[in-house]
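Structure record follows, encoded as structure tokens.
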Protein chains: 2
Amino acid sequence: MDTRHNILTAAAVLFARNGYDKVSMRDIAGAVGIRAPALYNHFPDKEHLYLESIAHVLQGKAEALARAIAGAAPAWTRLERYVACLARIFTEDPDALRLIQREVLNGDDARLRTLTDQVFQTPFQDMLDLIQELGPGRDAHLLAISVMALVLDHIELACLRPLLPGYRPEHDDPEVLARHVCTLLRAGLVDAAPSAPR
Amino acid sequence: MDTRHNILTAAAVLFARNGYDKVSMRDIAGAVGIRAPALYNHFPDKEHLYLESIAHVLQGKAEALARAIAGAAPAWTRLERYVACLARIFTEDPDALRLIQREVLNGDDARLRTLTDQVFQTPFQDMLDLIQELGPGRDAHLLAISVMALVLDHIELACLRPLLPGYRPEHDDPEVLARHVCTLLRAGLVDAAPSAPR
DNA sequence: GTCTATAAGCGGATAGAC
DNA sequence: GTCTATCCGCTTATAGAC
């Protein structure tokens, strides 16, 4: 089969869960059923393998978000779709989110710029436009970051939340999360009824 | 002077910025002006040095939050103080936040449980109680996580935000961030006027 | 393309002098 | 308590047979 593809998917999982330094070329080779030197037939070194495995995982995620926000529906509807899509994508593939977290934490300026240009730019701009349509007087940048934070932090903290008081298993359901975020965005902390009003 | 204290503060900075594996005992020793074997007079091994440096940095942070939320003031006022305190603490000491991020990403279950019991438990419970007072019908756990996410994600993304459209330098000011978060919590994305109403 | 063998270097940690 | 010297394992990466 396609060895290169197998390497990239196996490496992405290992890097996401253990971090760059805790994953050796031997580990990656072992996960694919080959020996370490064979990896160098497909990638020039570990760094390139790592960067390509990230790109491989993030492939298509941005496009899915673009589809969710597109169309002629009312702005609130498009926001709800965007939030739901974001929650679904990264709940189903938490390794992808971990890879992004590690890059944000460790990436030098050049790598962060590349990642921004190739992945974050378009979805963020879409969200920015949408927010400007919904709340013209507000700071769209702060709000767009806030929307991302509300959705992604819940998922990032999946390991920690069960240890904190008030946790219930349904909090890990992306639909529950999306509804919660939209309710909060609509009316804030207090004013909304338990079930989101239209 | 107190060599042990110097080691812990220097190590914390290195670990926060580069991660556990990218910091060698030689690096830490060099930052303090000694040689690597001397470190073993103060700590049994690298793992213990790492864990103690985290504890050393997080010391006092939880107490500051407890003070901010305490008192007989109205619930909204205490929430505002809490949010402002959270934003100030981690804007002034971004390395502390990075250490927490790394622990959440890499920590096994046992270490996350220890960290929760010793640091997160009390501030989170305080926030939970406050939210139950403010919005009795809502899911307090989801909301408390959301408040943390809104404040901390802005600070965690300090490296990324300048690369995204709409960024302005004032977004890095903890007071601006705290006002933004409180406005959002009060009335959601749309209903609030640009300057937060009382 | 994959293998075995191996180079070259860095990592944590210890021994023992001072 | 700190030093120098050193051990030993593991890492990335290459050479060369098949």
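The values are calculated or read from the model by the stated rules, or taken from the named source; none is laboratory data. Remember, predicted model here, so these are calculated numbers, not experimental data. We place every Cβ from the backbone using ideal geometry, glycine too, and count neighbours over all the protein chains shown. All accessible areas refer to the heavy atoms of the entire protein, side chains included, with ligands and DNA or RNA removed. Shrake-Rupley method; radii C 1.70, N 1.55, O 1.52, S 1.80 Å.
For peptide A:146-158, compute the average count of partner chain beta-carbon atoms within 10 Å of each residue's beta-carbon.
Other-chain Cβ atoms within 10 Å of each residue's Cβ, averaged: 5.
Express the relative contact order of the range B:60-187 as a whole percentage, based on alpha carbon pairs under 8 Å and six or more residues apart in sequence. Intermediate values should be presented prior to the final figure.
Values: 88 pairs, mean separation 45.3, N = 128.
Computed over the range B:60-187, the figure is 35 percent.
Between copies, how far apart are the residue A:45 label points? List them in nm, one decimal, shortest first, with each point 7 Å from Cα toward Cβ, please?
So the label point of residue A:45 gives 3.0 nm to the other copies.
In whole Å, what are the Cα extents of the range B:108-198 along the three principal axes, biggest one first?
Its Cα atoms span 41, 34, 17 Å along the three principal axes.
For the protein assembly as shown, take N as its residue count and report Rg(C-alpha) divided by 2.2 N^0.38 Å.
Output field value: 1.03.
Placing the label point 7 Å from Cα along the Cα-to-Cβ direction, what are the distances from residue B:4 to the equivalent spots in the other copies, shortest first, in nm to one decimal?
Output for residue B:4: 5.6 nm, nearest copy listed first.
What is the count of Lys pairs in the protein assembly as shown whose alpha carbons sit under 16 Å apart, if the two are 8 or more places apart or on different chains?
For the protein assembly as shown, qualifying lysine pairs total 5.
Computed over the Cα atoms, what is the radius of gyration of the range B:81-121 divided by 2.2 N^0.38 Å, N being its residue count?
1.28
For the range B:34-182, what % of the accessible area comes from carbon and sulfur atoms, probe 1.4 Å?
Numbers: 3340 of 6350 Å².
Ligands and nucleic acids excluded, carbon and sulfur reach 53 percent.
At a probe size of 1.4 Å, how large is the accessible area of residue B:175, to the nearest 10 Å²?
Residue B:175 exposes around 130 Å² with every protein chain in place.
Around residue B:79, under 10 Å between beta carbons, what's the net of Lys plus Arg minus Asp minus Glu among the other residues?
Local net charge: +1.
What is the distance in Å between the Cα centroid of the range B:105-176 and that of the range B:17-34?
29 Å
If you split all Cα-Cα distances of chain B into 10 Å bins from zero, what percentages do you get per bin, shortest first?
Whole-percent P(r) values from 0 Å outward: 8, 30, 31, 20, 9, 2, 0.
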